[in-house]
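Participant: Below you'll find the structure I mean.
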Amino acid sequence: MTSSPIRTLVAVDHMIDPRTVEVIVDDPKINVVGVVDQEAGVPGTDAARADVMLVVCGAGSQGALEFVSAAVRERSGQPVIVVCAGSPNGFIRDVLASGADDIVLIEDHPTPAPETYFAMHKALARRSSAPADDAHGSFVCVLGPKGGIGKTLTAANLGVSLADAGYSTVMVDLDLQFGDLGLALGLQPERTIYDLATSGGVLDAGKIEAYLTEHPSTAKVLLAPVRPDQAGVITVDFLKDLYEALRATFDFVVVDTPPGFTPEVIATIDAASSICMIGMLDAPSLKNTKLGLETLQLMGYSMDRIRLVLNRADTSVGISHSDVVAVLGRAPDVLIPSQREVVRSINAGEPIVLASKRSEPAKAFRALAELYVSDRTPADTTNSRGRKLLRRG
Ligand SMILES: Nc1ncnc2c1ncn2[C@@H]1O[C@H](COP(=O)(O)OP(=O)(O)OP(=O)(O)O)[C@@H](O)[C@H]1O
Ligand SMILES: [Mg+2]
């Protein structure tokens, strides 16, 4: 990857104010080599030598979707990034389905140039680089399309299981407005991701360490902001640097996310070596989990890097295991039963893998941790304390 400015061909739709375009590309690392009207069609690769096509459009624009499909087809596999103004309701999915590499939303961001650059840089890096470096720690993004389905429960128990087995582990609470990973772990938020993001200076391992809270299991935790209004300072660029530093330092990085595909969640998916997709045993949750899996597929995420967890899997709701497999197109990797002890452990701030080691949910979470250990290359299944993860319970 070169660090010289990215030669960018911008295609604008008529609903976009030219001043908006100026703001979007106002970054010395973006070199605009031409601006074209989307209605004039896709220029050939010879007509404008560019590294990336940047499509700027209003949300829901059918013309932009057609332009993106044509650009993907006709511009020799060159990355196509979409910058979308307005409320994206369902448009993200359509944009990714049309073949775009990434989408940047500018609804709430008056100066999104760094995000535009980051999306383009990432797409170029994906094209040019080899698969992820296995010397780095594993990075698990815990994902779920709905609220209240067990993402935080899973992140907390997965992180603690890995730490308890001797792997150096950091958890990040990316539920930036209503994060409760700290509560599930019984930790007080003295320093949070907000304090780190506003501290200024270089973001290196030593600096980050000072903002982590240690759990008795030895897991470190970067807690969510204490107030929802603090969430806005956490940018996608900041997260990219943070994740890079954490992966270089820890055996495992486990990120708990809010529901849905926000720009921060998409950045986390991009950084992840594996996804932990949570579903729950009811029809709306299964439908949304399927949509989530399809969205990941459209984003180019390989299905064999996704672990599927079915929470409350023993609930008697008239949905059989074969119904689940039929809807999701695959069997879940781990089934978590529904138990009152789980609720008690959350209320007590002690993850069930520690509070009730022999319970069925604890065994299931340890089995999930073992899957992630086995996903690592044989050479690095030995943890930083030189011990292998052992099945207990
Ligand atoms: N297997 C289970 N057994 C019993 N209760 C459960 C189980 N899974 C989840 N719950 C209950 O559901 C609540 C919500 O779980 P959790 O906070 O992990 O969901 P979430 O997906 O992180 O939600 P949000 O998106 O709102 O952050 C828990 O506090 C607990 O009371
Ligand atoms: Mg949660």
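Participant: If you go through region 302-320 one residue at a time, do you hit one that is open to solvent by less than 60 Å² (accessible area, probe 1.4 Å), β-branched (Val, Ile, Thr), out of contact with any strand residue (DSSP E or B) (no Cβ under 8 Å at 6 or more places or on another chain) and not in a strand (DSSP E or B)?
Facilitator: yes
Participant: Identify all residues within region 341-354 that are open to solvent by 50 Å² or more (accessible area, probe 1.4 Å), of a type outside the set (D, E, K, R) and more than 7 Å from ligand 1 (Cβ to nearest atom); write none if there are none.
Facilitator: Of everything in region 341-354, those that are open to solvent by 50 Å² or more (accessible area, probe 1.4 Å), of a type outside the set (D, E, K, R) and more than 7 Å from ligand 1 (Cβ to nearest atom) turn out to be Asn347, Ala348.
Participant: Moving on to the next point. What number of residues within region 328-340 satisfy the criterion of being surrounded by 15 or more Cβ atoms within 10 Å (Cβ to Cβ) and part of a helix (DSSP H, G or I)?
Facilitator: Residues of region 328-340 surrounded by 15 or more Cβ atoms within 10 Å (Cβ to Cβ): 328, 332-339.
With part of a helix (DSSP H, G or I) added as a condition, the list becomes 328.
Count: 1.
Participant: Any chance region 276-290 includes a residue that's under 22 Å from Val160 (Cβ atoms), surrounded by fewer than 19 Cβ atoms within 10 Å (Cβ to Cβ) and in contact (Cβ under 8 Å) with a residue 60 or more places away in the chain?
Facilitator: No, every residue in region 276-290 fails to be under 22 Å from Val160 (Cβ atoms), surrounded by fewer than 19 Cβ atoms within 10 Å (Cβ to Cβ) and in contact (Cβ under 8 Å) with a residue 60 or more places away in the chain.
Participant: Quick check on this structure: which one of Met303, Met299 is hydrophobic (A, V, I, L, M, F, W, C), more than 15 Å from ligand 1 (Cβ to nearest atom) and under 16 Å from Ala119 (Cβ atoms)?
Facilitator: Details: Met303 fails: under 16 Å from Ala119 (Cβ atoms).
Of Met303, Met299, the one residue that is hydrophobic (A, V, I, L, M, F, W, C), more than 15 Å from ligand 1 (Cβ to nearest atom) and under 16 Å from Ala119 (Cβ atoms) is Met299.
Participant: Restrict the check to region 218-236 and report whether at least one residue is under 24 Å from Val82 (Cα atoms) and crowded, with 23+ Cβ neighbours inside 10 Å.
Facilitator: Scanning region 218-236 turns up no residue that is under 24 Å from Val82 (Cα atoms) and crowded, with 23+ Cβ neighbours inside 10 Å.
Participant: Of all residues in region 107-166 being among the small types (Gly, Ala, Ser), within 16 Å of ligand 2 (Cβ to nearest atom) and open to solvent by less than 30 Å² (accessible area, probe 1.4 Å), which is modelled with the lowest pLDDT?
Facilitator: Per the stated criteria, the residue is Gly144.
Participant: Let me ask something else. Considering Gly179, Gly166, Gly186, which residue is within 12 Å of ligand 1 (Cβ to nearest atom) and not basic (Lys, Arg)?
Facilitator: Gly179
The values are calculated or read from the model by the stated rules, or taken from the named source; none is laboratory data. It should be emphasised that the depicted structure is a prediction, and the values quoted were computed from it without experimental measurement. Note: ideal-geometry Cβ built from the backbone for every residue, glycine included; neighbour counts use all protein chains shown. Ligands, DNA and RNA are excluded from the accessible area calculation, which covers all protein heavy atoms including side chains. Shrake-Rupley method; radii C 1.70, N 1.55, O 1.52, S 1.80 Å.
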